[in-house]
Amino acid sequence: MGIWEIIILILIIMGIFFTFAGVVGILRMPDTLCRLQSSTNIATMGAMPIALACSIYGFLNNNISIGIKSLIIIFFLLITNPVASHAMAKAAYKHLDEKSNKVKYDHYGRDIK
């Protein structure tokens, strides 16, 4: 087993771990905004190491198209994930009937009046 295969294996295990942790977070978190953070964790820290492992695998096996497509997927995840998460959090915040009792500071609430 070469060094590149070990790196690919570590990246895949890391992606699976963060995906599993995000799913557990979605099931265990108390409110919508916390669950949204866990789902963002899945998209960022779960998918990106796996896509990077696919990219490395593609470049090592002289399949340039798989490597480039995986890098493009990583690029679009980096751009779209924060924007989409912010839009969903803002919409969820505006439509929540009651805030969680565990929220101590509501800095966003002072701007919406």
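A Förster radius of 25 Å, combined with the Cβ-Cβ distance separating K69 from D31, puts the computed FRET efficiency at roughly 0.10.
Per-residue extension of 0.36 nm, minus the Cα-Cα distance of V83 and E5, leaves a gain of 24.7 nm for this segment. Solvent-accessible area of the stretch 1-98 (1.4 angstrom probe, protein heavy atoms only): carbon and sulfur portion equals 75 percent.
Extending 7 Å from the Cα toward the beta-carbon at both A91 and I13 defines two label points whose distance is 3.9 nm.
The values are calculated or read from the model by the stated rules, or taken from the named source; none is laboratory data. All figures in this text were calculated on a predicted structure; none of them were measured in a lab. When we count neighbours, we look across all protein chains shown, and the Cβ atoms used for this are built from the backbone with ideal geometry, even at glycine. Keep in mind that these areas ignore ligands, DNA and RNA; they rest on the heavy atoms of the full protein, side chains included. Shrake-Rupley method; radii C 1.70, N 1.55, O 1.52, S 1.80 Å.
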